[in-house]
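Reading through the structure tokens given below for one structure.
The values are calculated or read from the model by the stated rules, or taken from the named source; none is laboratory data. Owing to the predicted nature of the structure, the values given are computational and were not obtained by experimental measurement. Counting neighbours? That spans all protein chains shown, and the Cβs are built from the backbone with ideal geometry, glycine included. The protein model used for the area step is the full one, side chains on, heavy atoms only, and it has no ligands, DNA or RNA in it. Shrake-Rupley method; radii C 1.70, N 1.55, O 1.52, S 1.80 Å.
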Amino acid sequence: MEPEPIDAVAALVSASGIAGRRLRELIRALTLAPAALEDLVRDHAVPRRTVEALLRAAGPDLREDRGRVILRPSVRESYGERFDLAGLDTVPEVGGMGDLIAGAPRADQALDHVSATEETARRRAQWLAGTYDLAGARLVCVGDHDLTSLAARQALPDTEIAVVDVDERLLAYIDGQGAGIACYQADLRFGLPPALVGTADVIFTDPPYTPEGVQLFLGRGAQALRDRANGRLVMAYGFSPLTPALGLKVQRAVLDLDLAIEAMLPGFNRYHGAQAVGSASDLYVCRPTPHTWQILDRRLDKLAGSANIYTHGEQSLEGAAARGPARILGGGPLKADELTVDLAGDPGPWLARVLLALNVPRVTLLAANNHPDLRDEAAQAALRELVGAKWDLRLRRSTPGPRQATVEAVLRPAEGVAGRLLTHVHGRIGNVLRDALMRADPGLSRAAAQDRAAELVGRPEYLDARLIDLPRHVIVRLLRS
């Protein structure tokens, strides 16, 4: 049986993914006035073949008059409801971003964190809402020091939103706003959380403004895309008009991923800072090509573990190469009897994440004496609370030198639910927690343990994640519960 014309049209719109908005705008034109084929192509920037396919699908629902077509009066209302044509003119309100930006953790210059203005956050969210069909789609922010996710939540209430960032403070702040945004922690140099791979329809990123930083963040974003045909990667990037050669190097890094630059909106973004680039950047829209997927892993392998992607500090392009725990944080469980790990250049989260990742009987970690997890008694107590069910820690500051600290960790027997969680951080949380609950209470059925695990984790999407990929505050909350 042939599908109804409106169903055939809906299939075409659906097949266009988030880019279906232009087809909906074309459908609206067909409800308003007769139009010639060439007018529909030109007015809506839709390829002729696509317009012809849509007109064929609509077929009997169209009325033709001297080479012009329009939807019959009897079906216009049903098309309007089916494709939400009235909603095309709605400009969502985005408010309160000034207070949110002011209340956010202080930007970390070493991680190239410079806050965008309130107006920029609003414009980004409204541009996404007005350019793509994102109801039921998923937006992943690869890095989010500008709080684009919080602005997008207001403009896109029916869109799933996730954030991945290296900054634990930022993730706790975003999660604390109660906006229903899934937060994941990762240093993208070591990989993308598996729970995010192949889940996104659109990516937004404002990466470090180096060729390596841009390529890394876009590459991880491409790994997160699930719609390889229609997915988009939206990036903020700017360079000084005094250094066009740097801009060229970054643009070549984009093209080296075989991404097509579909559009570039000049001066779209404004910042509190970044005066070297005029406190502004452009908005790039990139699309993957079939060859992107053939070379993506090879390109990212070259960047994996490289610490030098930033423009400031020890991990800038001019800084000495930091070794970093790439093998530990970039892969699965590591087996050894004893291990020493140099955490020189740790931007903050490496120390705790290495302790989460390893199940080695004895570990020695070398870190900076002023490391955030070691600098005072409160920080040290918080570290012990995080990993205490797994490690006996000896924290030795000013050892072996005045600027260094040594952390000696001895593995404890995995006891109780918390102990099992911390020794199985690379497994799916839902499965690990369910099994741990059944071990703790042999009378608990599998179904009851599964329900209890879901209750403890809280967010359904976290059940499929690894514990090591969750923000630290979420891990602590789960261990306490």
### Task
At q = 0.12, 0.13 Å⁻¹, what is the base-10 log of I(q)/I(0) for the range 119-185 according to the Debye formula with one equal point scatterer per Cα and no solvent? Please give it to two decimals.
-0.26, -0.30
### Query
Can you tell me the accessible area per residue over the range 64-208, all protein chains present, probe 1.4 angstrom, in square angstrom?
38 Å²
### Task
Highest first, please rank the peptides 3-15, 426-438 by the mean number of other Cβ atoms sitting within 10 Å of their residues.
426-438, 3-15
#### Entry: Assigned charges on the beta-carbon of Lys, Arg, Asp, Glu; the range 376-444 dipole about Cα centre (debye)
220 debye
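Kindly give the semi-axes, whole Å and largest first, of the ellipsoid equivalent to the range 397-466, taking each as the square root of 5 times a Cα gyration tensor eigenvalue.
Equivalent ellipsoid semi-axes, largest first: 34, 15, 8 Å.
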### Summary
Low-density loop GluC sites (Glu not before Pro), the range 92-189, at most 11 other Cβ within 10 Å, DSSP non-H/G/I/E/B, are Glu93
### Task
Can you find, among Gly143, Trp127, Ala449, the residue farthest towards the positive end of the dipole of the chain? Put +1 on the C-beta of Lys and Arg, -1 on that of Asp and Glu.
Ala449
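Filter the trypsin sites (Lys or Arg not before Pro) in the range 4-77 down to the DSSP loop ones having no more than 10 other Cβ atoms within 10 Å, then list what survives.
Arg66
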#### Entry: Residue (of His473, Gly419, Gly401) at the positive-pole extreme of the range 375-481, dipole from beta-carbon charges
Gly401
### Task
Run the accessible area of the chain with a 1.4 Å probe and give the carbon-and-sulfur part as a rounded percent.
50 percent
### Query
Where the eigenvalues come from the Cα gyration tensor of the chain, what are the semi-axes √(5λ) of the equivalent ellipsoid, largest first, in whole Å?
46, 28, 19
### Query
What does the charge dipole of the range 119-202 about its Cα centre add up to, to the nearest 20 debye, if the Cβ of each Lys and Arg holds +1 and the Cβ of each Asp and Glu holds -1?
140 debye
### Task
Report, in debye and to the nearest 20, how large the dipole of the chain comes out about its Cα centre when Lys and Arg carry +1 and Asp and Glu carry -1 on their Cβ.
840 debye
### Task
Check cross-link reach from Lys249 to the lysines: straight Cα distance under 20 Å, and skip same-chain residues fewer than eight apart.
Lys302
## Note on the structure
Taking 130-137, 466-473, 331-338 and ranking on average Cβ neighbours within 10 Å, highest first, one gets 466-473, 130-137, 331-338
### Task
For the range 111-266, list log₁₀ I(q)/I(0) at each q in 0.10, 0.15, 0.17, 0.19 Å⁻¹, using the Debye formula over Cα point scatterers of equal strength and ignoring solvent, two decimals each.
-0.32, -0.76, -1.00, -1.28
### Message
Taking every alpha carbon pair in the range 31-71, what does the distance histogram look like in 10 angstrom bins from 0, in percent?
### Response
30, 64, 6
